[in-house]
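The values are calculated or read from the model by the stated rules, or taken from the named source; none is laboratory data. Every value quoted in this text rests on a predicted model; they were computed, and no experiment measured them. Positions of Cβ are backbone-derived with ideal geometry, glycine not excepted, and every protein chain shown enters the neighbour counts.
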């Protein structure tokens, strides 16, 4: 626990979310207030901006624009996917980081991201400690995948979940509008954890969601899937809506999208092989098998950058996560990640902010509990609804200018 | 001009929009007030509901739910794509319609839809007149394609345009976040008219839109396109965002998606042919040619049912279009469609509601004026911005319940 005086660097890493910039706003606005923090820098493209000595001087930004970061999706400083080697194997990057930290007298380092980014954060933290260079390092969690260990949920998840649930409700109304059968398959992000796909169950809970939901937590049997779709079609005037996680795998462990290309296409005698994303492939399988109208839809990048549908809870929590990181670091904490703890003792949802060893978050994955997946593995139960519903409350978006969102415009003045 | 006393039927037809139900609310709430209208019916699945004698008694609905229709996307009564044969060729359907109209003493008929639906409306109107059956028929325009003749714009267009522009801005922030090159191709609806794809220029106007926009109004040369993308990549750190209308065609008149499957795939020596939608195909072409990361995105159904992003102007105008249709019919008008006239004489945008012969709207198509397409045919000029901007003003969406939209729930009580 050391109280340090010096500059701070904040970096954003990994896939963007609707609220990663809200955490940036939390870090920046708090750091600019702290007397022990002598300069506030933003790293261009995360850790790469440090290696490249490309830092933005945040004191040069208008306060109003920093406030607008709360409602601006994606990573305003630029993001990066760069995995640091182990320091034992190759110290080059670490030496460079230390060099830059010394050059600018950086005594606070905040890194915002998911599992991989917390790995970076952890490695940098450990290296600095080993080197005897005093620098308080705090990780700020972020991921629409919601798969970080040790935190009730992750900033970014709730807004993406709200996008998925709201859009599913709208799609449900659209996809059932004709008096003819139609099967709609929607592909949702989440390679290994099904949290975001599970959010489509919030729409089902409102009576306007998918009939079937498939998470990567369970193996996906293509034949069983086709039978289940037919069952729904038979009882529902030929209509069926399916939500699938991009990461679903066959019982043999192969990604379903790949498995379909190979085996199934041949088996179903496709005349006009319509390859493409998973949703289109599954939809085509159904179309070929049952001769019904189908549509494959991918929520694509929209689900992670749809800030116009951000959850107010998410924006507030993401902001506070950044703010708490700065306060903790100034108070002497280091080598930690901010985590959320859910407190329902008052009968209402309250989020408490805690710290956890950042090493625990590095490269781990938290999956949807199997007991939350109900019936034959195609729906989420009340436990999930109770978990997710408090997180998507309230609206919170950028002010309108000409009827369109007024997002933050940073000057991005490079430090000389 | 006959003042009639009797029942009214309202039907929805064609592809859903975010605001077609706002027009339904306008018709229903106004019709329920009119003394000359003795009963208010909604046809299940448009004209098919009349042929099948499936009518809902709207007087049985809660007023509150009818109000919520304003914010509920898609077609609450169900839609249909059913083209009436010419009465000269086959009178069967017309006789049935007349039979149903007589059965319920229907003296007012309102039909909500695009070109094809106005064709239906026109045919029914002409047949009733020929038969000497008094019934005032008014068409209510609707289409995200904005391609109806005789009206400044169509209800449904503005909300879809707002969805496209807002989402494009968010995507722009997401797709440019890494320090590596990336080309993003977004496919937008519009088979023959490029109005909706053009709306992506509103995002470009805000500095966060596509670099290149391709409308079906101009032929699409694949080689020239690849050269233009490269030019943008070269001056923009390998990044380029493209918006294409689903309906773009080669100079030979073939849909580009089909042309690529055949010729181009071979030419570019695709190892792993990634067929799919137009966006994915174009993205893959670029990826193969230039070895850059690419992503193809389709706005799919979301662009036409994204009521959470509805334009307030659009919702209001769609509601009033329904209301005006009823008032005009009660005043004795028939065989007309409600049209919008833009009045800028006060210096501000004002929408005036007029009537036009419905025959003029049937099966016509209004395209984007070629002189609004600028430069080398890949961007929209100020004339388009001036046209579109007033239409997307203001927000207007369903109240939240559990953080999710509370859409209208109709009882849909069938008339015995």
Quiz item: Within region A:249-261, can one find any residue that is closer than 24 Å to residue B:277 by Cα, modelled with pLDDT under 95, in the same structural domain as residue A:287 (by TED's automatic domain parsing) and in contact with a strand residue (DSSP E or B) (Cβ under 7 Å, 6 or more places away or on another chain)?
Solution: yes
Exercise. Could you identify the single residue in B:93, B:134, B:152, B:116 that is assigned to a loop (DSSP other than H, G, I, E, B), surrounded by fewer than 23 Cβ atoms within 10 Å (Cβ to Cβ) and assigned by TED's automatic domain parsing to the domain that holds residue B:81?
Key: B:134
Practice problem: Tell me, please, whether a residue that is closer than 21 Å to residue A:55 by Cα and at pLDDT 95 or above can be found in region A:85-92. | Solution: yes
Quiz prompt | Filter result for the condition that a residue is modelled with pLDDT of 95 or more and part of a loop (DSSP other than H, G, I, E, B), over B:192, B:172, B:146 | solution = B:146
Quiz item: Hey, does region B:52-62 have a residue that's in contact (Cβ under 8 Å) with a residue 60 or more places away in the chain and within 19 Å of residue B:121 (Cα to Cα)?
Solution: yes
Self-check item: Residues satisfying the stated conditions in region B:16-41, i.e. touching a strand residue (DSSP E or B) at 6+ places or on another chain (Cβ under 9 Å) and within 14 Å of chain A (Cβ to nearest Cβ)
Solution: B:18, B:19, B:20, B:21, B:24
Quiz prompt | Residue satisfying condition, being modelled with pLDDT of 95 or more, touching a strand residue (DSSP E or B) at 6+ places or on another chain (Cβ under 6 Å) and within 12 Å of chain A (Cβ to nearest Cβ), within set B:158, B:199 | solution = B:158
Quiz item: What tally of residues in region A:215-244 results from selecting those that are surrounded by 24 or more Cβ atoms within 10 Å (Cβ to Cβ) and either free of Cβ contacts under 8 Å to residues at least 24 places away in the same chain or over 24 Å from residue A:177 (Cα atoms) (or both)?
Solution: 1
Quiz item: Which members of region A:163-196 meet the condition of being over 25 Å from residue A:17 (Cβ atoms), more than 9 Å from chain B (Cβ to nearest Cβ) and free of Cβ contacts under 8 Å to residues at least 60 places away in the same chain?
Solution: none
Quiz item: How about region B:359-386: which of its residues are out of contact with any strand residue (DSSP E or B) (no Cβ under 7 Å at 6 or more places or on another chain), surrounded by 15 or more Cβ atoms within 10 Å (Cβ to Cβ) and closer than 23 Å to residue B:347 by Cα?
Solution: B:384, B:385
Exercise. Identify, by number, the condition in (1) more than 14 Å from chain A (Cβ to nearest Cβ); (2) under 24 Å from residue B:21 (Cβ atoms) that residue B:402 doesn't meet.
Key: (1)
Quiz prompt | Selection count where residues are modelled with pLDDT under 95 and under 26 Å from residue B:203 (Cβ atoms), scope region B:348-365 | solution = 1
Quiz item: Do we have any residue at all in region A:305-317 that's crowded, with 19+ Cβ neighbours inside 10 Å, at pLDDT below 95, under 27 Å from residue A:15 (Cα atoms) and within 14 Å of chain B (Cβ to nearest Cβ)?
Solution: no
Quiz item: Among the candidates B:389, B:400, which residue alone is surrounded by 15 or more Cβ atoms within 10 Å (Cβ to Cβ) and free of Cβ contacts under 8 Å to residues at least 24 places away in the same chain?
Solution: B:400
Quiz item: Within region A:57-78, how many residues turn out to be surrounded by fewer than 24 Cβ atoms within 10 Å (Cβ to Cβ) and closer than 24 Å to residue A:93 by Cβ?
Solution: 1
